[in-house]
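See structure below.
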Amino acid sequence: MLKLIPLFSSSKGNCTYIESDHLRILVDIGVSCKRVTEALNQLEVPSETINAIFITHEHSDHVSGLKVFLKKYPIPVFATNGTFRGIKEMPQELAHPFTPNHKFQMEGLTVFPFSIPHDANEPCGYTFFNKTEKVTVATDLGHINLELLNIMEKSNTILLESNHDVDMLRTGKYPYSLKQRIIGNFGHLSNATSAKTVEYLIKKGTKNFILAHLSEENNFPDLALETVRSQLKIGNIDLSDISIQVAQP
Ligand SMILES: [Zn+2]
Ligand SMILES: [Zn+2]
């Protein structure tokens, strides 16, 4: 059994819960320790039973609650060296740096941290898999390429970024430089690109999609969902056994 449950997901704060037969994992702690603990309590998962924390990158929407969380619950943290360098006051005794794009094992679970195109020190997404299942966390993607698609394909469940609607972003109130950053090759994935990615991955066998890391300024859950649905309609994709949800902020 391999579960992926987004606890928080938006450009304001991210935290995802992953559970395997022997492990309880958090990917990112980008909201307060209190809110993470409350969300875990709702799943009847006491915070002290978390075995490992994986960090995608050092931007505050992914690490803002980490320091306080670790003070209360000294749990091992896994990330790239570059990410650790970017996290302020990381307790060294809890830091377990890894080399991205290399698999490693943990209690029957294989972890594959993969490099992502994003403007941070050394960012990565994650796939976790056992003998029969595979789940993927893929947000903060400036663009999609074949290598990323190959990594993500055949996941049972994918948490995929669907950050912004390009027209909303272009006409929105963000300063020009920020718009360029988001739209750029190392920024964030648009609804349209996310929709094409979903179409490709359905053809490769994925059935469960959770659209994630939505911008609160330049997107709406219904718009993200509708963009994907219309892409799939154009592609004549049978949706009868496909689940597409939007992660709650
Ligand atoms: Zn980021
Ligand atoms: Zn982010």
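Please treat every number below as a calculation from the coordinates, not as lab data. Everything numeric here is computed off the predicted structure, so don't read it as measured data. Because the Cβ atoms are built from the backbone with ideal geometry, glycine has one as well, and the counts that use them run over all protein chains shown.
Assorted remarks:
- Taking every alpha-carbon pair under 8 Å whose residues sit at least 6 apart, the stretch 3-246 reaches a relative contact order of 15 percent.
- Rounded to whole Å, sorted largest first: equivalent-ellipsoid semi-axes of the chain, Cα gyration tensor: 27, 21, 17
- LEU43/ASP167 FRET efficiency (R0 30 Å; Cβ-Cβ; nearest 0.05): 0.25
- Label-to-label distance, nm, for residues given as LYS34 and LYS204 (7 Å Cα→Cβ offset): 4.2 nm
- Nearest-ten-degree value, helix 191-203 long axis tilted from longest Cα axis of the chain: 80 degrees
- Global form of the stretch 1-134, assessed from the alpha-carbon gyration tensor, a/c cut-off 1.5: rounded
- Helix 33-42 and the long axis of the chain differ in direction by around 80°, with both axes built from C-alpha atoms.
- Residue-span extension gain [ILE237 to ASN145] - 0.36 nm each, minus C-alpha spacing: 31.0 nm
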